[in-house]
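The values are calculated or read from the model by the stated rules, or taken from the named source; none is laboratory data. All values reported here derive from a predicted model rather than from experimental measurement. Cβ placement follows ideal geometry from the backbone for every residue including glycine, while neighbour counts extend to all protein chains displayed. Surface areas here come from the heavy atoms of the whole protein model, side chains and all, with no ligands, DNA or RNA. Shrake-Rupley method; radii C 1.70, N 1.55, O 1.52, S 1.80 Å.
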Amino acid sequence: IVWKEIKKYEDILFEFHEGIAKITINRPHVRNAFTPTTTMEMSDAFRISREDPKIRVVVLTGAGDKAFCSGGDQNVKGKGGYVGPDGVPRLNILDVQKQIRSIPKPVIAMVNGFAIGGGHVLHLVCDLSIASENAIFGQTGPRVGSFDAGLGASYMARCIGQKKTREIWFLCRKYNAQEALDMGLVNKVVPLDQLEEEVVAWAKEIMLLSPLAIRLIKAGLNAELDGQIGIQELAGDATLLYYLTDEAQEGKNAFLEKRKPDFDQYPMFP
Ligand code: 2NE
């Protein structure tokens, strides 16, 4: 599979292949732990992925064959958050989590090794997770002075249930790929040398389907969990569809032409 660079960054790779954008955390010396720079770059790549109509599916992964992502880089963890070049402590990985959920395109986690701590939450919030046989999953927060009681806890519980989620967070154990598959944390496990091929095959299968249908299913699944923001996003999609109708055009045209709108000409559905 030949990937073409979309944009150059310091901490991530951002590449394209036949409708698929691939975001790779490229810090293998720390098992792809992220700093504020990494997360800002990821946010930018997700923003571009959202805007670019050529991109239909986004793949998130880590560089090398050892780790997907090991969470926040403990070397830059200060008081109040992870400290970037500007000296400001941040927890801006949460912004990336929100982007992954709200981008109206499927995001597939290609879990090629350790998915630990904040790195585990990252794969969790992706729409689909495909893992290699060597992948290892787990949370470490309560061991290293951190936690993610947001999506990292509540969305995990929605995915795999309360008991398993409490086990994962209260004991901070590690789980292998088969255990992750058994508890519904991932969709499929394949040998490492087949991982990218498998992920691209899933992405291509998705791209045979209606993008608007996929978009609305994702919005509907999110809306059930995300309260008013979830409904806002689903409603935004409904508005998008409405704007595509002649009925909506008639309202705008009537205003601009300074006449009463004639909505009677459009069909009413039961
Ligand atoms: C990931 C894991 C299990 C890998 O173990 P192993 O044995 O394969 O590698 P090793 O030797 O531990 O790590 C290789 C190098 O990567 C660094 C290590 O310090 C080591 O460096 P050198 O000794 O070669 O110099 N490294 C690995 N993970 C790092 C990290 N997160 N930050 C900085 N350096 C890291 C094992 O390495 C591990 O358990 N890593 C720590 C995982 C962790 O606790 N992450 C933070 C969780 S908290 C979090 O992510 C978070 C949150 O809870 C809430 C919001 C946002 C973030």
Notebook entry, point to check: Which one is farthest from LYS105 (Cα to Cα), of the residues in segment 36-63 that are part of a strand (DSSP E or B) and either of a type outside the set (Val, Ile, Thr) or within 11 Å of the ligand (Cβ to nearest atom) (or both)?
Noted result: GLY62
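Answer yes if at least one residue in segment 13-35 is in a strand (DSSP E or B), of a type in the set (A, V, I, L, M, F, W, C), within 16 Å of the ligand (Cβ to nearest atom) and open to solvent by 20 Å² or more (accessible area, probe 1.4 Å), and no otherwise.
No, segment 13-35 contains no residue that is in a strand (DSSP E or B), of a type in the set (A, V, I, L, M, F, W, C), within 16 Å of the ligand (Cβ to nearest atom) and open to solvent by 20 Å² or more (accessible area, probe 1.4 Å).
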Next item on the list: Pull up segment 252-266, narrow it to residues that are in contact with a helix residue (DSSP H, G or I) (Cβ under 9 Å, 6 or more places away or on another chain) and either part of a loop (DSSP other than H, G, I, E, B) or in contact (Cβ under 8 Å) with a residue 60 or more places away in the chain (or both), then point me to the one that is farthest from TYR242 (Cα to Cα).
Entry: ARG259
Next item on the list: Search segment 139-196 for residues being touching a helix residue (DSSP H, G or I) at 6+ places or on another chain (Cβ under 6 Å) and polar (S, T, N, Q), and hand back the single one that is nearest to HIS17 (Cα to Cα).
Entry: GLN139
Next item on the list: Having 2 or more residues that are closer than 19 Å to ILE93 by Cβ and open to solvent by less than 70 Å² (accessible area, probe 1.4 Å) is the bar; report the helices (runs of 4 or more DSSP H) wholly within segment 146-197 that clear it.
Entry: 151-160, 162-171
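Residues are listed down the side, and each one gets a yes or a no for (1) of a type in the set (Phe, Trp, Tyr); (2) within 24 Å of VAL189 (Cβ to Cβ); (3) surrounded by fewer than 20 Cβ atoms within 10 Å (Cβ to Cβ):
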| position | (1), (2), (3) |
| --- | --- |
| ILE6 | no, no, yes |
| VAL59 | no, yes, no |
| CYS69 | no, yes, no |
| PRO85 | no, no, yes |
| PHE114 | yes, yes, no |
Checklist line | Output for segment 151-189, where each listed residue is within 13 Å of VAL111 (Cβ to Cβ), within 21 Å of the chain's Cα centre (by Cα) and not small (Gly, Ala, Ser) | finding: LEU181, LEU185, VAL186, ASN187, LYS188, VAL189
Note to self: Suppose the filter is away from the ligand (no atom under 12 Å from the Cβ), closer than 21 Å to LEU151 by Cα and crowded, with 24+ Cβ neighbours inside 10 Å; does ILE103 pass it?
What the structure shows: no
Item checked: Subset of segment 119-132 [more than 20 Å from LEU225 (Cβ to Cβ) and either within 16 Å of the ligand (Cβ to nearest atom) or open to solvent by 10 Å² or more (accessible area, probe 1.4 Å) (or both)] -> GLY119, ALA131, SER132
